[in-house]
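J.: Below you'll find the structure I mean.
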Amino acid sequence: MEKEKRYTITLDDDPSISKIIAQVTGIPSHPFTSGESLLKEAHSLDPVAAFVDVHLEMDGCGLDSIPRFRKIWPFTPIIVVTSDTKGDLIGQALAMGANDFIRKPINAHELTGRLHARILEMSTRRKHGVTEIGDIKFSPGQASVTKNGQVAYLPKLETQLLGMLLEQRDLIVPRDELKQRLWGRIAVSENTLDRKISDIRKALADVGSSCMIQSHYKKGISLRFIEGDVRSSSQKSDGKAS
């Protein structure tokens, strides 16, 4: 395949989607109808962004390919394209390494806005290296935590939150400070922060980290690494911080 200097990838069994994306972005979009066919060529491709449909006739669920694309293109925006209205599907895609999503039918302003924002975001991430802390490798650039080859990906805010806690590990960080740094002046509920913490706990558990995030009543949140792989019940469970 002859490749232009700048192009996107579209993984969708509807051939019109790549044409729409090319028309909206002003650069070519190479179409693929199955994840396997794209994976065969992925290492030789360097797209500006990859648009991935989550429902493919040939492969079933396009979500399964996202972690593999993320390893091949660590700093390429992966944007999920879907007509599915299920919120948990989008959350699953983001947790598997996608950066954003757009709904079908495609809105030109939404597509360009999200694409430009994600390109700038990934460009910034590229500048950040991988840090080894405790028993994990934390990469803000790839929004991931790794231990012994096991990788878990985090959405944007969860990545920022984990970075804050790692910076101040062993210290109790007030919840209001965490919320202010994540959301600025936007008022959010305690449950919103709790859900982010729960997602981080799950990611750390998925890779088998000994990192423990604790909630201290009326004081805040702390993160520390413990000896071995013995974790408290709150670390093992997906319960909310108190």
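J.: Failed condition for Lys137, given (1) more than 17 Å from Pro67 (Cβ to Cβ); (2) without any contact (Cβ under 8 Å) to a residue 60 or more places away in the chain, with all others met?
T.: Lys137 satisfies all of (1) more than 17 Å from Pro67 (Cβ to Cβ); (2) without any contact (Cβ under 8 Å) to a residue 60 or more places away in the chain except (1).
J.: Do you know which residues across the stretch 104-117 are under 24 Å from Asp14 (Cα atoms) and either of a type in the set (A, V, I, L, M) or touching a Pro at 6+ places or on another chain (Cβ under 6 Å) (or both)?
T.: Hits for the stretch 104-117 are Ile106, Ala108, Leu111, Leu115.
Results for (1) among the hydroxyl-bearing types (Ser, Thr, Tyr); (2) closer than 20 Å to Asp88 by Cα; (3) more than 15 Å from the chain's Cα centre (by Cα), shown as yes or no for each residue.
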position	(1), (2), (3)
Asp176	no, no, yes
Ile186	no, no, yes
Ala203	no, yes, no
Ser210	yes, no, yes
His216	no, no, yes
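J.: So which helices (runs of 4 or more DSSP H) stay within the stretch 66-127 end to end and still have 1 or more residues that are out of contact with any helix residue (DSSP H, G or I) (no Cβ under 6 Å at 6 or more places or on another chain) and either on the phi > 0 side of the Ramachandran plot or without any contact (Cβ under 8 Å) to a residue 24 or more places away in the chain (or both)?
T.: 87-95, 108-126
J.: Name every residue in the stretch 163-186 that is within 12 Å of Leu223 (Cβ to Cβ) and touching a residue at least 40 places away in the same chain (Cβ under 8 Å), in order of residue number.
T.: Answer for the stretch 163-186, where residues must be within 12 Å of Leu223 (Cβ to Cβ) and touching a residue at least 40 places away in the same chain (Cβ under 8 Å): Leu165, Leu166, Gln168, Arg169, Asp170, Leu171, Ile172, Val173, Leu178.
J.: Across the stretch 48-61, which residue is modelled with the lowest pLDDT among those that are farther than 19 Å from Ala22 by Cβ and out of contact with any helix residue (DSSP H, G or I) (no Cβ under 6 Å at 6 or more places or on another chain)?
T.: Gly60
J.: Against the condition in a helix (DSSP H, G or I), outside the structural domain of Arg68 (by TED's automatic domain parsing), β-branched (Val, Ile, Thr) and surrounded by fewer than 20 Cβ atoms within 10 Å (Cβ to Cβ), how does Thr192 come out, does it pass?
T.: So Thr192 fits the description; yes.
J.: Something else: Of everything in the stretch 165-187, what is surrounded by fewer than 17 Cβ atoms within 10 Å (Cβ to Cβ) and part of a helix (DSSP H, G or I)? Give them in sequence order.
T.: Of everything in the stretch 165-187, those that are surrounded by fewer than 17 Cβ atoms within 10 Å (Cβ to Cβ) and part of a helix (DSSP H, G or I) turn out to be Glu167, Asp176, Glu177, Gln180, Arg181, Trp183.
J.: Given the condition within 22 Å of the chain's Cα centre (by Cα) and either outside any helix (DSSP H, G or I) or closer than 21 Å to His109 by Cβ (or both), answer yes or no: does some residue in the stretch 23-33 qualify?
T.: Taking every residue of the stretch 23-33 in turn, none turns out to be within 22 Å of the chain's Cα centre (by Cα) and either outside any helix (DSSP H, G or I) or closer than 21 Å to His109 by Cβ (or both).
J.: Any residue that is under 27 Å from Val81 (Cα atoms), modelled with pLDDT under 90 and outside the structural domain of Val80 (by TED's automatic domain parsing) - is there at least one of those in the stretch 131-141?
T.: Within the stretch 131-141, one or more residues are under 27 Å from Val81 (Cα atoms), modelled with pLDDT under 90 and outside the structural domain of Val80 (by TED's automatic domain parsing).
J.: Continuing with the same structure: Which residues, counting only those in the stretch 131-145, are out of contact with any Pro (no Cβ under 9 Å at 6 or more places or on another chain) and either of a type in the set (A, V, I, L, M, F, W, C) or part of a loop (DSSP other than H, G, I, E, B) (or both)?
T.: Passing the criteria: Ile133, Gly134, Asp135, Ile136, Phe138, Pro140, Val145.
J.: Right, Ile21: closer than 25 Å to Ser123 by Cβ, in contact with a strand residue (DSSP E or B) (Cβ under 9 Å, 6 or more places away or on another chain) and outside the structural domain of Gly149 (by TED's automatic domain parsing) or not?
T.: yes
J.: Return the total of residues in the stretch 34-49 being part of a helix (DSSP H, G or I), within 20 Å of the chain's Cα centre (by Cα) and of a type outside the set (Gly, Ala, Ser).
T.: So the answer is 1.
The values are calculated or read from the model by the stated rules, or taken from the named source; none is laboratory data. It should be emphasised that the depicted structure is a prediction, and the values quoted were computed from it without experimental measurement. With ideal geometry, Cβ positions are generated from the backbone for all residues, glycine too; neighbour counts draw on all protein chains shown.
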